[in-house]
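In what follows, a structure is listed as structure tokens, so that the remarks can point back to it.
Nothing in this text is a laboratory measurement; each read-out follows from the coordinates by a stated rule. This one's a predicted model, so the numbers in the text were calculated from it and none came from an experiment. Cβ: placed from backbone, ideal geometry, glycine included. Neighbour counts: every protein chain shown.
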Amino acid sequence: MRDVLLKDRARAAAPALDHLDWLEAEAIHILREVAGQCSNPVLLFSGGKDSICLLRLAEKAFRPGRFPFPLLHVDTGHNYAEVVAFRDRRAAELGERLLVRSVEDSMARGTVVLKSPGESRNKHQSVTLLEAIAEFAFDACIGGARRDEEKARAKERVFSFRDDFGQWDPKNQRPELWNLYNARIHPGENIRAFPISNWTELDVWQYIAREQLELPSIYFAHTRPVVRRSGTLVPVTPLTPPRGGEAIEQVSVRFRTVGDVTCTAPVESVAGTVEQIIAETAATTITERGATRLDDQTSEASMEQRKKEGYF
Amino acid sequence: MSAREPLPEAQLEDNGLLRFLTCGSVDDGKSTLIGRLLYDSKSILADALATLERTSRKRGLDAVDLSLLTDGLQAEREQGITIDVAYRYFSTGTRKYIIADAPGHEQYTRNMVTAASTADLAIILVDARKGVLTQTRRHSHIAHLVGIPHLVVAVNKMDLADYSQEFFDRIRQDYLRFAAPLGIRDVRFIPISALAGDMVVERGNRLPWYKGPTLMELLESSPPAHNEAPEQFRFPVQHVCRPRTAEHHDYRGYMGRIESGEIAIGDEVQVLPSGRKTRVRDIRLLDRCLPQAGSGRSVTLLLEDEVDISRGDMIVSPSRTPSVTKRIEAMVCWLAESPMTPGGKYVVRHTTRETKALVTAIEYRQDINALKRSAGGRLEMNDIGSVSFKLAQPLFVDPYRGNRSTGAFILIDEATNNTVGAGMIV
């Protein structure tokens, strides 16, 4: 009966994929390949917008089943409270296991030693991440890094190999052809898998809008005390007090990336909705990291250097 | 359960995504062309531009060097060359583009094959003053071999050739003379100056004799991925979802990406290797039910009968099935330092399936510069040759010419776990 009906109906061609459909399909494929090829993967979830997209993609990849991996956050202890609360709530809503490992624990163990109490803990996340990888024997870490973020990332593979010291060797990467990924490793080595490698910041925002994904409130415009320091806005917090001579202003701002308080700067904005953020992003004249990461401006090669040392 | 969805509304604004490859040598102005595409499509942002100006000044250059936008790694900056494939992104508002920027040197054939493997279109740069060179032939040959459907020959540096139509016409004739025997059919020619910006995004007014589209117009109108020839349905199973919860007690979802063709609810399908036939009961994307789904989509298929299916199996249309075979012949591009020799054993990764392979013969090496074949024996790094394999387990394959997904595989060295070869099934 059903066959007859289906035969009678003239069959229209399947609709062509728009660019978000295509990016989504690719990311789901990558997530399923990690699950198929790796025995003990983990998904890095910070509560930031890129990893929020990853969770949505993981739902599309594996529901109604459970995720075939837990979630891990490497916490510097200096994250915005709104983001940490969001992280915990989102993991609970999904019913997935969230692991948190803290840079402060590494400091207590003596594996992280700060040069000064005020030093940014951001780069020390590498140590804590490698410790967590060893503790749980993870063979793959899924992350939300994108190739458009930074020069060194433009050449990184979707499945990026790390040796047993967690190091990335940019000159000796595995060739990656078609959509055939090679996740084979020896014990102690690790794969970093980046499902949204081919997304840009604008793609991420468009996807958030289309999927109506919830975000931590600091992504939207709010009034916050800041000081202006060499072209960037520095939020005034107990960790980042104003320096002598700097005037504190109340400015309407939003964060384009969220991370450690000491190295994440907001941009001036009145965008209160995702649609307004998309309009601003499409018209923006400053790259995401340039404006908002206080740690990447040090030198043109700074990200490449940190990645070689095991940074995500 | 969930309601059937109406067909999506026609989307006039979004023309999908196009992946293209740029190839040329250091001197052809490839980096300048990419810089120009990014710059004129307003994809370079203020702080990146400021870095660019600073670096250009530091190197004693008068004008901003657009080529600096594309050299990423420290080692490359030091040596002033490009040693690896880099991916760049820009969007025109109607279409998103992914550029694979491949280095031009002969010793980087493997990088070009890598970049070409995912491209729908290749831009081959020719210096207007130098014309068709050995490397032009090499790049065209590789692009064709790797199955890129559309080639664009961009005759660059027209500003240094007096914007002369004669130069352009001669290059066009030279190119067609060598391309025809290769079987290259869809090839377009555009005179450009990446440096001055003529015919890239803007037409400029220095090439009035050229009436064709600008490079950007050509990119905007090129058919998007997988939208051309009708293909057979191929669905390699990546993951089987059996939640075994109270709510989803008997749920068996077969998860994967439609590599080619399309599928609708009610369609008959065949499962490989078992050969069992059944019908599609539902096509899911999270909580959506799709009446049909086409090439490129990642979905979950529910089938009418209980069939034993695991990762590595393939669900296909029963009318034209792939060959189920333990012997394959392929054109192989060798990627590793240590050569491939007959008798060598490797792991083959094909779609979602993995098996062991023995090299039974290397019939010949393809000289991609001179378009001739030489005796086989072994394949060194960057060689491309015809290789026969015997497999431990069968693969479900189509010829690469007809299907870039089920016709492609990689070879992995079991000792090092490195990816050492790229194969295209004949």
Chain A: relative contact order in percent, alpha carbon pairs under 8 Å with at least 6 residues between: 20 percent
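How large is the helix-only mean residue ellipticity at 222 nm for the protein assembly as shown, computed as the sum of -39500 (n - 2.57) over DSSP H runs with n ≥ 4, divided by its residue count, in deg cm²/dmol to the nearest 500? Present the calculation step by step, with values, prior to reporting the outcome.
Values: 17 runs with 180 residues, N = 738.
The helix contribution divided over the protein assembly as shown gives -7500 deg cm²/dmol.
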3J(HN,Hα) from dihedral phi, segment A:199-214, Karplus parametrisation 6.51/-1.76/1.60, rounded to Hz, x for glycine, proline: 8, 9, 4, 5, 4, 4, 5, 5, 5, 4, 5, 5, 8, 6, 7, 7
Calculated FRET efficiency for the pair B:D250/B:R288, C-beta based, R₀ 25 Å, to 0.05: 0.75
Peptide B:237-244, shielding by other chains (average Cβ, 10 Å cutoff): 5
Spherically averaged projected area of chain A from its Cα convex hull (nm²): 19.3 nm²
log₁₀ of I(q)/I(0) at q = 0.13, 0.21, 0.23 Å⁻¹ - segment A:217-292, Debye sum with one point per alpha carbon: -0.36, -0.93, -1.09
Residue pairs, from the table A:K171/B:K390; A:K123/A:K171; A:K171/B:K345; A:K171/B:K130; A:K60/B:K345, whose Cα atoms sit over 28 Å apart: A:K171/B:K390; A:K171/B:K130; A:K60/B:K345
Kirkwood Rh in Å, taken over all unlike Cα pairs in segment A:146-218: 14.2 Å
Most mobile listed residue (A:P117, A:P68, A:P187) in chain A, GNM with C-alpha springs under 10 Å: A:P117
Max mean-square fluctuation residue, GNM over chain B, Cα-Cα springs under 10 Å, options B:R177, B:R349, B:R59: B:R59
Gained length - A:D105 relative to A:S217, 0.36 nm times residue gap less alpha-carbon distance: 37.5 nm
Global form of segment B:323-425, assessed from the alpha-carbon gyration tensor, a/c cut-off 1.5: oblate
Qualifying lysines (Cα of each under 21 Å from Cα of B:K277; at least 8 residues distant if same chain): A:K7
Length-normalised contact order of segment B:234-316 in % [C-alpha pairs under 8 Å, at least 6 apart]: 37 percent
Estimated FRET transfer efficiency (A:A92, A:Q276; beta-carbon r; R0 35 Å; 0.05): 0.75
Between 0 and 90°, nearest 10: helix A:125-136 axis offset from chain A longest Cα axis: 50 degrees
Label-point separation, A:A85 to A:N40 (7 Å along Cα→Cβ), nm: 3.6 nm
For chain B, alpha-carbon Rg and Dmax in angstrom: 23.9, 76
Relative contact order [Cα under 8 Å, 6+ residues apart], chain B, whole percent: 12 percent
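Return the percentage of antiparallel bridges among DSSP beta bridges fully within the protein assembly as shown, rounded to the nearest 5 %.
Percentage antiparallel, nearest 5: 70.
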Within a Gaussian network of chain B (alpha carbon springs, distance under 10 Å), most fluctuating of B:H144, B:H248, B:H350: B:H248
Test item: A:158-171 mean partner chain Cβ contacts at 10 Å: 1
Efficiency of FRET between B:E414 and B:D367 - r from beta-carbon atoms, R0 30 angstrom, step 0.05: 0.50
Dipole axis of the protein assembly as shown (+1 Lys, Arg; -1 Asp, Glu on Cβ), positive-most option in B:F409, A:G118, B:G253: B:F409
Scattering curve values for the protein assembly as shown, log₁₀ I(q)/I(0), Debye with Cα scatterers, q = 0.06, 0.09, 0.10 Å⁻¹: -0.37, -0.86, -1.07
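Let me confirm one metric for peptide A:21-34, namely the mean number of other chain beta-carbon atoms within 10 Å of its residues' beta-carbons.
Per-residue shielding by partner chains comes out at 6.
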With Cα atoms, 0 to 90° folded angle of helix B:46-58 axis to chain B main axis: 50 degrees
